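*Asks:* Just passing along the structure, written as structure tokens.
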């Protein structure tokens, strides 16, 4: 890849010369080759609400710092940026578009998603709505195509009414060269299911994923994974993806910051309106106390610095598949620098295994407390 336009996004040549190169990954059969760490752009959408719930980040409300973070990521070698139409209802895409306008388009890989924002359409996957959303995303991102365009969730209406029309729309977008690769989520529960459906009434999300995969035949899978993800829920999905040679974008590798050891369990952290963490139990002091106790054990093995925890968390994900890239989110340029800088050198395999074992115990204790995501 060629360097960015130095008149726009300035590259610190001395820093680059002294930095260990970021390892690269190929995203399955797509031919897309990128550094192993990409940039998740949900948080920079800022505070937001969707589907009647807080769905944003109150801490991502500073556009200047968000743009500085995007530029820092570019300077440090990140080339894949993942966003969605619903992140800040276009705010994330528009900020990312400012970076796109400063760098060679052929060197940046842009991924966005559709489906969670319905607007006035009958459904988020109504084909006309999808086209309008794609056109708006292209405008926001200041580009004429997306490298990856994904279905953001697996809910296609009653009896999957919109599944085949939506898939036809996606394939048409690809034929028109508006997008290059089609993506979908790995096993994922639609956001409202946790509010409207009792746990024992929810369907098998892995069986649902496999059924949709057979129909969609995606090029890319977005899979949520981190050291707190139960191994039995994820290992089969990664091996399945590898068998089909699809690229993998791993979201939440740091569990939205909880695996960095920077959250305090002494008092409830105050989140502003429109922050999704308001409704998630793992951001409550009791849960953070359990998580931090596990991280102290991990520190004894990998090192005491925040960077040491980040490194083992990122590689705990990257070791899942040779076709995988991790997406690290941010709200400040300092977080970007730490995340990218922490990627190298790779931890020992034994350290990764030990961290997984410790945090599996933490996850079990969290699950024993009941519903672990929504605060009821």
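The values are calculated or read from the model by the stated rules, or taken from the named source; none is laboratory data. What you are looking at is a predicted structure, and each value in this text was computed from that prediction instead of being measured. Cβ placement follows ideal geometry from the backbone for every residue including glycine, while neighbour counts extend to all protein chains displayed.
*Asks:* Which of the following residues is assigned to a loop (DSSP other than H, G, I, E, B), modelled with pLDDT of 95 or more and out of contact with any helix residue (DSSP H, G or I) (no Cβ under 9 Å at 6 or more places or on another chain): 30, 59? Spell out the reasoning first.
*Replies:* On the way: 59 fails: out of contact with any helix residue (DSSP H, G or I) (no Cβ under 9 Å at 6 or more places or on another chain).
When all the criteria are applied, what remains is 30.
*Asks:* Sticking with this structure for a sec: Listed residues 160, 175; which is free of Cβ contacts under 8 Å to residues at least 12 places away in the same chain, surrounded by fewer than 20 Cβ atoms within 10 Å (Cβ to Cβ) and touching a helix residue (DSSP H, G or I) at 6+ places or on another chain (Cβ under 9 Å)?
*Replies:* Details: 175 fails: touching a helix residue (DSSP H, G or I) at 6+ places or on another chain (Cβ under 9 Å).
Just a single option satisfies the conditions, and that option is 160.
*Asks:* I'd like to know if region 293-305 contains one or more residues that are within 30 Å of residue 53 (Cα to Cα), at pLDDT 95 or above and either out of contact with any helix residue (DSSP H, G or I) (no Cβ under 6 Å at 6 or more places or on another chain) or assigned to a helix (DSSP H, G or I) (or both). Explain how you work it out, then say what you get.
*Replies:* Within region 293-305, the first condition is being within 30 Å of residue 53 (Cα to Cα), and the residues that meet it are none.
No, because not a single residue in region 293-305 is within 30 Å of residue 53 (Cα to Cα), at pLDDT 95 or above and either out of contact with any helix residue (DSSP H, G or I) (no Cβ under 6 Å at 6 or more places or on another chain) or assigned to a helix (DSSP H, G or I) (or both).
*Asks:* Would you please list the contacts, defined by Cβ atoms under 7 Å and residues six or more apart or on different chains, that run from a residue in region 22-41 that is on the phi > 0 side of the Ramachandran plot and touching a residue at least 40 places away in the same chain (Cβ under 8 Å) to a residue that is part of a loop (DSSP other than H, G, I, E, B) and surrounded by fewer than 21 Cβ atoms within 10 Å (Cβ to Cβ)?
*Replies:* Final answer for the pair search is 28/245.
*Asks:* (1) in a loop (DSSP other than H, G, I, E, B); (2) at pLDDT below 95: which one isn't true of residue 17, the others all being true?
*Replies:* Unmet condition: (1).
*Asks:* With in a loop (DSSP other than H, G, I, E, B) and on the phi > 0 side of the Ramachandran plot as the only criterion, which of 119, 124 stands out?
*Replies:* Numbers: 124 fails: on the phi > 0 side of the Ramachandran plot.
Exactly one of 119, 124 is in a loop (DSSP other than H, G, I, E, B) and on the phi > 0 side of the Ramachandran plot, namely 119.
*Asks:* Tally up the residues in region 68-111 that are at positive phi, surrounded by fewer than 24 Cβ atoms within 10 Å (Cβ to Cβ) and touching a strand residue (DSSP E or B) at 6+ places or on another chain (Cβ under 8 Å), please.
*Replies:* Taking region 68-111 first, the residues at positive phi are 77, 88-90.
In the following step, the residues that additionally are surrounded by fewer than 24 Cβ atoms within 10 Å (Cβ to Cβ) were identified as 77, 89-90.
Narrowing the set further to residues that are touching a strand residue (DSSP E or B) at 6+ places or on another chain (Cβ under 8 Å) leaves 77, 89.
Final tally of qualifying residues: 2.
Residues checked against (1) under 24 Å from residue 37 (Cβ atoms); (2) out of contact with any strand residue (DSSP E or B) (no Cβ under 8 Å at 6 or more places or on another chain); (3) at pLDDT 95 or above:
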{"site": "113", "(1), (2), (3)": "yes, no, yes"}
{"site": "117", "(1), (2), (3)": "no, no, yes"}
{"site": "122", "(1), (2), (3)": "no, yes, yes"}
{"site": "133", "(1), (2), (3)": "no, no, yes"}
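*Asks:* Please indicate, with yes or no, whether at least one residue in region 350-369 is part of a loop (DSSP other than H, G, I, E, B) and either closer than 28 Å to residue 221 by Cβ or touching a residue at least 40 places away in the same chain (Cβ under 8 Å) (or both). If you could, list the steps in order and put the result at the bottom.
*Replies:* Let us first name the residues in region 350-369 that are part of a loop (DSSP other than H, G, I, E, B), namely 369.
Okay, now just the ones that are also either closer than 28 Å to residue 221 by Cβ or touching a residue at least 40 places away in the same chain (Cβ under 8 Å) (or both), so 369.
Taking every residue of region 350-369 in turn, at least one turns out to be part of a loop (DSSP other than H, G, I, E, B) and either closer than 28 Å to residue 221 by Cβ or touching a residue at least 40 places away in the same chain (Cβ under 8 Å) (or both).
*Asks:* Touching a residue at least 24 places away in the same chain (Cβ under 8 Å) and surrounded by fewer than 19 Cβ atoms within 10 Å (Cβ to Cβ) - does that describe any residue in region 146-154?
*Replies:* Narrowing region 146-154 to residues touching a residue at least 24 places away in the same chain (Cβ under 8 Å): 146-154.
With surrounded by fewer than 19 Cβ atoms within 10 Å (Cβ to Cβ) added as a condition, the list becomes none.
No, every residue in region 146-154 fails to be touching a residue at least 24 places away in the same chain (Cβ under 8 Å) and surrounded by fewer than 19 Cβ atoms within 10 Å (Cβ to Cβ).
*Asks:* Look through 278, 327, 314 and report the one residue that is farther than 25 Å from residue 49 by Cβ, in contact (Cβ under 8 Å) with a residue 40 or more places away in the chain and either assigned to a helix (DSSP H, G or I) or under 21 Å from the mean Cα position of the chain (by Cα) (or both). Give the derivation first.
*Replies:* Working: 278 fails: farther than 25 Å from residue 49 by Cβ; 327 fails: farther than 25 Å from residue 49 by Cβ.
That would be 314, the only listed residue that is farther than 25 Å from residue 49 by Cβ, in contact (Cβ under 8 Å) with a residue 40 or more places away in the chain and either assigned to a helix (DSSP H, G or I) or under 21 Å from the mean Cα position of the chain (by Cα) (or both).
*Asks:* Which one of these is touching a strand residue (DSSP E or B) at 6+ places or on another chain (Cβ under 6 Å) and surrounded by 16 or more Cβ atoms within 10 Å (Cβ to Cβ): 245, 323?
*Replies:* So the residue among 245, 323 that is touching a strand residue (DSSP E or B) at 6+ places or on another chain (Cβ under 6 Å) and surrounded by 16 or more Cβ atoms within 10 Å (Cβ to Cβ) is 323.
*Asks:* Could you list, in sequence order, all residues of region 163-172 that are crowded, with 19+ Cβ neighbours inside 10 Å and either touching a strand residue (DSSP E or B) at 6+ places or on another chain (Cβ under 6 Å) or within 22 Å of residue 27 (Cα to Cα) (or both)?
*Replies:* If the condition is that a residue be crowded, with 19+ Cβ neighbours inside 10 Å and either touching a strand residue (DSSP E or B) at 6+ places or on another chain (Cβ under 6 Å) or within 22 Å of residue 27 (Cα to Cα) (or both), then 167, 170 are the ones that fit.
*Asks:* Could you grab the pairs with beta carbons closer than 6 Å, sequence gap of 6+ or different chains, first residue in region 182-210 and at negative phi and surrounded by 14 or more Cβ atoms within 10 Å (Cβ to Cβ), second one modelled with pLDDT under 90 and part of a strand (DSSP E or B)?
*Replies:* Short answer, once both residue conditions are applied: 194/374.
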